[in-house]
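The values are calculated or read from the model by the stated rules, or taken from the named source; none is laboratory data. Bear in mind that the values here come from a model prediction, so they are computed numbers and not experimental data. Note: ideal-geometry Cβ built from the backbone for every residue, glycine included; neighbour counts use all protein chains shown.
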Amino acid sequence: MLTSTKATILLIEDEIDLRDEISDYFSYHGIEIHAVSSLRQYWQYTSTIAPDLVILDRMLPDGDGLTVLQDLRRSGSRCGVVMLTAKDSPHDRQQGLDDLADHYLSKPIALAELLAIVKALLWRMLPADTCWELHPNTWTLKDPNGKAFVLTGQEFTFIRSLATQAHRARSREKLAEYLGKDAEQYDLRNLDALVMRLRKKASQNGIMELPVRAIHGVGYAFAANIKVFDSVPQSR
């Protein structure tokens, strides 16, 4: 079974005792989780880090946790989402699942069940020793299964700028500078078009999900482990 050391897990829970209980239980089983207590703290956290899995309470002090799920799916994120809530009517469950939550657990929860669900999601999402590779000599990006596709100069520079701080966000302005553009004059929507082209290339080469994630209000992150080889590509 996959260990969790490579996964970034975020818990959003405002009940202090339950938050500490979940954190301590997971820590005892060798899984580190990051915990916040509100939507505001969620936005702050995800402004720099893209989680691989979110454990989400629906009833938060500053709004419905369902907005987090909706934001993740709108941005194209396929991170795992486990919802914890006292709202357990059939309608509430259907609402969460319709918005593509992976699991919907009613409170009070069984910690052993939550841990088993998280482990199963991580095993499905993050195969052991998952690592992408960026090869300058051949201008290629290769997924952990060995499938690869060729990048243009701009695409290579974009991916390399994200790879230098994998799992953390780069601002749109900083990405524009990496591409040699004046961030004040450059149309930052061009970055969205670039990412769409990358996703299309990946799909055409049999790669189901390119782990380039939009980070709300900030920019993009490469939400997977990636190794950048040393050689520098010739201009293309």
Qualifying residues in the stretch 42-85 (those that are without any contact (Cβ under 8 Å) to a residue 40 or more places away in the chain and assigned to a loop (DSSP other than H, G, I, E, B)) - the one surrounded by the most Cβ atoms within 10 Å (Cβ to Cβ)
58
Residues of the stretch 94-153 being within 17 Å of residue 81 (Cα to Cα) and either among the charged types (D, E, K, R) or in a strand (DSSP E or B) (or both), in sequence order, are 98, 99, 102, 103, 104, 105, 106, 107, 113, 119, 124
In the stretch 155-177, what count of residues is obtained for those that are polar (S, T, N, Q), assigned to a loop (DSSP other than H, G, I, E, B) and more than 15 Å from residue 218 (Cβ to Cβ)?
1
Here are the criteria: (1) at pLDDT below 95; (2) within 21 Å of residue 76 (Cβ to Cβ); (3) more than 16 Å from the chain's Cα centre (by Cα). Tell me which single one residue 167 does not satisfy.
(3)
On the given criteria, is residue 85 among the β-branched types (Val, Ile, Thr), out of contact with any Pro (no Cβ under 7 Å at 6 or more places or on another chain), over 28 Å from residue 210 (Cα atoms) and not assigned by TED's automatic domain parsing to the domain that holds residue 167?
yes
Qualifying position, being touching a residue at least 12 places away in the same chain (Cβ under 8 Å) and of a type in the set (D, E, K, R), among 142, 200, 147, 181:
147
Given the conditions (1) free of Cβ contacts under 8 Å to residues at least 12 places away in the same chain; (2) touching a Gly at 6+ places or on another chain (Cβ under 6 Å), every one holds for residue 89 apart from (2)
Looking for whichever is touching a Ser or Thr at 6+ places or on another chain (Cβ under 6 Å), farther than 29 Å from residue 164 by Cα and not in a strand (DSSP E or B) here; the options are 20, 88. Which one fits?
88
Checking 153, 146 in turn, the sole residue that is of a type outside the set (D, E, K, R) and over 23 Å from the mean Cα position of the chain (by Cα) turns out to be 153
Being at pLDDT below 95, of a type outside the set (Asp, Glu), in a loop (DSSP other than H, G, I, E, B) and in contact with a helix residue (DSSP H, G or I) (Cβ under 8 Å, 6 or more places away or on another chain) is the requirement here; does residue 183 meet it?
yes
Criterion: touching a residue at least 24 places away in the same chain (Cβ under 8 Å), within 25 Å of residue 68 (Cα to Cα), surrounded by fewer than 17 Cβ atoms within 10 Å (Cβ to Cβ) and among the small types (Gly, Ala, Ser) - qualifying residue of 153, 217, 206:
217
Total residues in the stretch 112-132, condition at pLDDT 90 or above and either touching an Asp or Glu at 6+ places or on another chain (Cβ under 7 Å) or outside the structural domain of residue 56 (by TED's automatic domain parsing) (or both):
1
So which of 10, 39, 56, 18 ends up being modelled with pLDDT of 90 or more and touching a His at 6+ places or on another chain (Cβ under 7 Å)?
10
Do the conditions hold for residue 93, that is, is it over 30 Å from residue 163 (Cβ atoms), of a type outside the set (A, V, I, L, M) and either surrounded by fewer than 19 Cβ atoms within 10 Å (Cβ to Cβ) or assigned by TED's automatic domain parsing to the domain that holds residue 211 (or both)?
yes
